[in-house]
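What follows is a single structure, written as structure tokens, with notes after it.
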Amino acid sequence: MQSSDVVFFWYSFWCYLLSFGLFTLYFAFKKRLLGTLGTALLLLGFIPQTIGIILRWKLSGHAPFSNMFEYATVMSWMAVLSFAFLLLRFRKMIIGVFVSFVVLVLIVSASLLPKEMHQQLVPALQSNWLKIHVSLAALGEGAFAIACAVSIMYLLKSAMQRRSRDIRMFPSLELLDDINYKAVSIGYPLFTLGALFAGAIWAYKAWGTFWGWDPKEVGSLIIWLFYTGYLHARLQRNWKGNRAAVLSIAGFVMTMLSFFGNIFLGGQHSYG
Amino acid sequence: MPKSNKSNIQQFMDAFTSMRLTIIVLIVLAAASILVIIFQNYHPADFYGWEEHYRTHTHPLKYKLYSFFQLFAPYHSWWFISLLTLLCISLLLCSIQRFSIIMRIIRANDDFRQETRLSSQENYHRLKLPAEIALPLTARLLKRRFYRIYERMEPERTLLFAKRNAVSRLGPLFCHVGLLALFLGGLIAGIWGKSVLLWGEPGEFIRAPFASHSVKVDDFTIEYNANGQIKDYISVLKVFDADSNLVMDRSVEVNHPLRYGGVSYYQSSYRVHPRKVKSATVAAATVGRTDVDTITVAFGTASPIPQTGYSIELADFAADFQIAAEGVISKSEQLSNPAFLVQFLKDGENAGHQWVFARFPSVHSSEEAPFRISLVSFDPLYYTGLQAAVNPGTPFIWTGFAVMTLGLILVFYFNHRLVWVAFTRRPGGEDEIHIAGSSHKFKEQFKQETADH
């Protein structure tokens with residue numbers, strides 16, 4: 001039986017879907033009104049989604065981070081929240097075109113996953129570390145999603161500029177590159193502390209070993225190694241622009257692969 | 001010779017501290033890990049007899065290849081440890097090499113720059129203002145933003161050098177040292193760490209081979225919620241030291257281990273006792289009577305059936321009942337077909353018996369029994385599975401977490417910024433101010449900020 005929070009999930013789903021449609025039209029026809037409506041819908045969808053998450057928390061009696069549906073929902077929630085911050089900071093509505101795309105990918109993924117609520121968490125999940133580990137990892141991955149979105153914009157703009165044309169709606173290449181780096185800089189420490197450190201400490205508390213080479217652990221390690229490489233290439237080798245954008249997109253693709261890897265690989269992290 | 005010797009060392013250092021090597025090792029590690037995940041997905045090595053299975057079911061050449069690369073235990077293999085060692089050496093040398101450079105940057109207090117050098121910098125601004133107004137104003141602005149300011153007077157100009165968060169330059173070093181500590185901790189755990197799964201039934205003493213103390217399992221229970229889902233596993237333990245003194249008395253749950261004498265005990269697993277239960281509740285109906293007595297009987301003890309003069313005793317149990325050549329056995333440790341042998345006693349004398357089946361209430365194995373017994377419920381007896389572990393790498397790992405977290409905070413939440421100002425005095429009050437700034441990170445944002453002021 002579906003719990004009542006799922007109704008709110010669907011409200012946000014339709015808001016995000018419509019928002020993406022409006023943003024696409026905005027991008028195509030460059031009518032400001034479409035962009036404003038897209039932004040409004042994206043932010044409007046955030047309200048039922050927040051209510052849904054809180055309601056699910058109340059109904060199930062535990063933080064809603066215990067299965068893939070819940071995790072994908074929280075990740076998309078985080079991406080919309082980051083968009084709100086970016087909007088306040090840079091006032092560039094156009095970023096919404098790509099953020100809404102990433103949000104749509106996440107929320108469509110969530111919509112396809114089983115939404116049953118587990119009132120009883122398996123004993124291993126009954127720990128405060130669940131909240132720390134999963135929320136920080138989702139926040140980190142949400143920031144990587146933003147980095148991916150602006151990187152797509154960067155590649156499009158720079159490709160057009162090479163053909164002596166421009167996408168004027170987009171922020172400058174420098175700014176896009178800077179947001180890409182900033183988003184990774186926000187995501188990386190959160191991911192390191194949340195996904196890896198908090199996860200390892202929790203594993204130590206629950207099973208007596210910090211690291212067990214579980215598929216998801218290895219997946220997270222690969223993502224971490226990848227973004228570590230990104231930061232070193234950027235800070236030491238001055239890899240910027242196109243190269244940094246490609247790395248950022250590849251990093252997020254890996255993040256998504258690791259997320260869906262649960263379905264085929266199982267292991268300690270496959271909780272429905 | 002000494003000269004070429006030195007250059008050899010230099011070459012070695014350069015090779016190991018090059019960014020290229022680090023990036024290649026990181027990529028190889030990531031790629032190898034992906035391949036290992038795929039391999040393990042098709043060749044799981046977590047079932048009983050897997051070694052024999054793969055030896056006989058794999059093509060000999062393939063098996064040789066797998067064995068050579070130790071693919072069944074890849075994370076302890078020679079190639080994986082070599083890659084990690086390479087990474088460690090590179091990290092260590094890189095940290096040593098950069099330490100003095102970093103310290104020089106942090107300590108710098110005389111990096112004054114004249115206007116000619118500033119004008120070529122990225123964030124350069126020129127203003128016309130009298131020096132006596134501009135100088136204190138600039139100093140105040142910088143101080144308010146927590147800059148540390150150094151000043152030098154020259155005949156024609158005053159130079160300011162200001163820096164903020166220089167300590168953030170230590171961040172990467174902390175990250176590398178923290179990571180090294182983590183690797184070291186992992187290595188120590190791998191070599192000297194010990195772990196064993198101990199099984200204990202309530203009342204039993206267990207002892208890890210590497211512990212001087214012993215642990216008594218007082219009780220083990222599985223808690224269920226109202227819907228019958230498992231809520232928790234709880235082992236009630238008593239720890240006795242080498243002289244049999246009780247030194248600790250507490251319970252262990254999932255996520256709540258017990259630590260004593262360097263050994264940690266984790267609630268890890270459980271098993272059903274195949275031939276014992278804690279108790280059973282049965283309904284006893286006298287033949288020819290309509291009323292039923294419900295009695296709870298502990299295993300191995302007798303309980304009277306009220307007003308009949310009879311008692312019953314749970315004499316035997318099989319979790320997965322089967323009759324074999326040697327008599328009744330439990331085919332498995334699963335509660336697949338639980339059956340109880342109920343013994344009837346009258347005045348302490350044997351008065352018949354009956355096998356009662358939980359799944360098949362209508363099956364009665366004995367016709368001579370004075371009562372018809374059916375099962376109401378029963379409380380299985382479980383063994384607790386406690387993982388006992390000693391991990392001498394733990395202090396290194398905690399240190400690694402702490403140092404690396406500090407490093408990450410320094411790298412990502414503090415930004416080393418430098419500002420240079422040259423106040424040049426021109427005759428006739430046409431003083432000029434030249435300002436340039438540099439930010440280690442977030443250059444775009446810094447550019448905006450400097451432009452705003």
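The values are calculated or read from the model by the stated rules, or taken from the named source; none is laboratory data. Predicted model, so just to flag it, every value in this text is computed and none were measured. A quick note on method: Cβ atoms are made from the backbone with ideal geometry, for glycine too, and the neighbour counts reach across all protein chains shown.
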Looking at B:25, B:36, can you tell me which residue is touching a residue at least 60 places away in the same chain (Cβ under 8 Å), within 17 Å of residue B:79 (Cα to Cα) and within 14 Å of chain A (Cβ to nearest Cβ)? B:25
Tally of residues being assigned to a loop (DSSP other than H, G, I, E, B) and among the hydroxyl-bearing types (Ser, Thr, Tyr) across the range A:165-189: 1
Given the conditions (1) modelled with pLDDT under 85; (2) more than 9 Å from every other protein chain (Cβ to nearest Cβ), report the number of the one that residue A:208 does not fulfil. (2)
Just one of A:90, A:23 is closer than 23 Å to residue A:151 by Cβ and surrounded by fewer than 18 Cβ atoms within 10 Å (Cβ to Cβ); which is it? A:90
What are the residues in the range B:224-241 that are touching a strand residue (DSSP E or B) at 6+ places or on another chain (Cβ under 8 Å) and more than 7 Å from chain A (Cβ to nearest Cβ), if any? B:224, B:234, B:235, B:236, B:237, B:238, B:239, B:240, B:241
Just give me the residues in the range A:140-154 being surrounded by 21 or more Cβ atoms within 10 Å (Cβ to Cβ) and of a type outside the set (Phe, Trp, Tyr), in sequence order. A:140, A:141, A:142, A:143, A:145, A:146, A:147, A:148, A:149, A:150, A:151, A:153
If residue A:117 satisfies all but one of (1) crowded, with 19+ Cβ neighbours inside 10 Å; (2) more than 11 Å from the chain's Cα centre (by Cα); (3) not assigned by TED's automatic domain parsing to the domain that holds residue A:14, what's the number of the condition it fails? (3)
Every residue in the range B:317-342 that is of a type outside the set (Phe, Trp, Tyr), buried (at least 18 other Cβ atoms within 10 Å of the Cβ) and touching a residue at least 40 places away in the same chain (Cβ under 8 Å), please. B:318, B:319, B:330, B:338, B:342
Six or more apart or on different chains, Cβ under 7 Å: which pairs go from a residue in the range A:177-189 that's facing chain B (nearest Cβ under 8 Å) to one that's of a type in the set (Val, Ile, Thr)? Could you list them? none
When the residues of the range A:212-232 are filtered to those that are of a type in the set (A, V, I, L, M, F, W, C) and at the interface with chain B (Cβ under 7 Å from one of its Cβ atoms), which remaining residue is farthest from the chain's Cα centre (by Cα)? A:213
Yes/no for residue A:172 being without any contact (Cβ under 8 Å) to a residue 60 or more places away in the chain, within 11 Å of chain B (Cβ to nearest Cβ), surrounded by fewer than 23 Cβ atoms within 10 Å (Cβ to Cβ) and not aromatic (Phe, Trp, Tyr): yes
Counting residues that are β-branched (Val, Ile, Thr), under 30 Å from residue B:337 (Cβ atoms) and not assigned by TED's automatic domain parsing to the domain that holds residue B:96, which strands (runs of 3 or more DSSP E) fully inside the range B:176-276 reach at least 2? B:214-224, B:230-240
